């Protein structure tokens, strides 16, 4: 499982699949997001990656009692 906290290490690939049909894919997370606009799928994937990084940081943070 890919667990980098550097967002620059996550690739975001965008493909136009039709007139108003786009998909973004992050190979490190094996995750795809579909939408009707390039910017829509790009921003959604960036948000997904950032959320994933937050979860990594939360898991590695020391537990406080």
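For segment 9-22, which residues satisfy the criterion of being farther than 18 Å from residue 50 by Cα and surrounded by 15 or more Cβ atoms within 10 Å (Cβ to Cβ)?
Correct list: 22 only.
Out of the residues in segment 1-16 that are touching a strand residue (DSSP E or B) at 6+ places or on another chain (Cβ under 8 Å) and touching a residue at least 12 places away in the same chain (Cβ under 8 Å), state the one that is nearest to residue 40 (Cα to Cα).
Selected residue: 14.
Hey, could you check segment 32-51 for residues that are farther than 11 Å from residue 22 by Cβ and out of contact with any helix residue (DSSP H, G or I) (no Cβ under 9 Å at 6 or more places or on another chain) and say which is surrounded by the fewest Cβ atoms within 10 Å (Cβ to Cβ)?
51
Read-outs throughout are calculated quantities, based only on the coordinates presented, and are distinct from any laboratory measurement. Note that this is a predicted model, so its numbers are computed, not measured. Cβ: placed from backbone, ideal geometry, glycine included. Neighbour counts: every protein chain shown.
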